[in-house]
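These notes are about the structure you will find just below.
The values are calculated or read from the model by the stated rules, or taken from the named source; none is laboratory data. These numbers come from a predicted model, not from an experiment. Note that each Cβ is placed from the backbone with ideal geometry, even for glycine, and that neighbours are counted across all protein chains shown.
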Amino acid sequence: AQSVTQLDSQVPVFEEAPVELRCNYSSSVSVYLFWYVQYPNQGLQLLLKYLSGSTLVKGINGFEAEFNKSQTSFHLRKPSVHISDTAEYFCAVSRSGGSNYKLTFGKGTLLTVNP
Amino acid sequence: SQTIHQWPATLVQPVGSPLSLECTVEGTSNPNLYWYRQAAGRGLQLLFYSVGIGQISSEVPQNLSASRPQDRQFILSSKKLLLSDSGFYLCAWKQGPSGANVLTFGAGSRLTVL
């Protein structure tokens with residue numbers, strides 16, 4: 001089974017500052033990794049995903065994440081945040097391959113961008 | 001293009017009453033379908049998933065059940081709600097075994113049990 005740990009439940013930052021949201025995973029098999037964003041009272045929207053290939057993955061809204069297999073991490077970064085980036089961010093993992101596809105989520109990190 | 005619909009968006013139910021949340025997907029066939037629950041501070045918990053009509057896998061023993069009467073319809077039910085059933089319920093889909101490995105979520109249904 002896979003598990004995900006998001007190390008920070010809340011991250012407050014000022015507008016235009018850089019931000020890193022941390023995610024570590026645990027798995028005995030190869031994995032796919034994802035970051036989703038949730039705005040208040042809405043569903044989840046995919047930010048980016050790592051399936052294979054380059055370990056640096058770029059997503060929407062200027063976010064990127066780097067897969068580090070040795071450290072079992074998939075941290076999310078943005079060099080300069082905006083007020084509109086205020087939302088909850090979820091890291092997720094699944095085992096690669098297989099027809100019964102299940103996604104395991106972390107508990108989320110609430111990013112609050114202050115003016 | 002594919003779309004996913006959930007309803008109702010919000011509902012308030014008394015303890016002991018029944019529940020039915022519905023999810024439908026358009027623009028695809030034979031999707032994998034999922035029900036997640038989101039409770040405050042607890043992230044997203046996978047409740048049920050289905051890989052085909054009538055095929056339901058339960059992840060967590062609880063007061064809820066799921067059914068898939070049609071290929072693109074997924075229903076979450078309860079005969080008698082508990083206070084602990086309150087939460088934000090999210091339906092999601094992905095293309096079948098050979099499809100892209102990405103879940104697409106609906107807008108969610110917020111359930112308050114009083």
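See the values below:
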quantity	calculated
Any hit, the stretch A:48-58, residues being more than 11 Å from every other protein chain (Cβ to nearest Cβ), surrounded by fewer than 21 Cβ atoms within 10 Å (Cβ to Cβ) and either touching a Pro at 6+ places or on another chain (Cβ under 9 Å) or within 28 Å of B:Leu33 (Cβ to Cβ) (or both)	no
Test: residue in the stretch A:93-115 that is surrounded by 20 or more Cβ atoms within 10 Å (Cβ to Cβ), closer than 30 Å to B:Gly52 by Cβ and more than 8 Å from chain B (Cβ to nearest Cβ)	yes
Residues located in the stretch B:62-101, provided they are buried (at least 17 other Cβ atoms within 10 Å of the Cβ) and within 9 Å of another protein chain (Cβ to nearest Cβ)	B:Phe88, B:Leu90, B:Cys91, B:Ala92, B:Lys94
Within the stretch A:14-42, considering residues that are among the hydroxyl-bearing types (Ser, Thr, Tyr) and closer than 30 Å to B:Thr10 by Cβ, the one modelled with the highest pLDDT	A:Tyr36
Hey, B:Leu46 closer than 25 Å to A:Thr109 by Cα, within 14 Å of chain A (Cβ to nearest Cβ) and touching a Phe, Trp or Tyr at 6+ places or on another chain (Cβ under 7 Å) or not	yes
Output for the stretch B:102-114, where each listed residue is part of a loop (DSSP other than H, G, I, E, B), within 14 Å of chain A (Cβ to nearest Cβ) and surrounded by fewer than 19 Cβ atoms within 10 Å (Cβ to Cβ)	B:Val102, B:Ala107
The one condition in (1) within 30 Å of B:Gln6 (Cβ to Cβ); (2) modelled with pLDDT of 90 or more; (3) polar (S, T, N, Q) that A:Asn100 fails to fulfil	(2)
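Let's see how each residue does on (1) out of contact with any strand residue (DSSP E or B) (no Cβ under 6 Å at 6 or more places or on another chain); (2) at pLDDT below 90; (3) within 16 Å of B:Gln95 (Cβ to Cβ):
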residue	(1), (2), (3)
B:Pro14	yes, no, no
B:Ser17	yes, no, no
B:Trp35	no, no, no
B:Ala39	no, yes, no
B:Ser50	no, no, yes
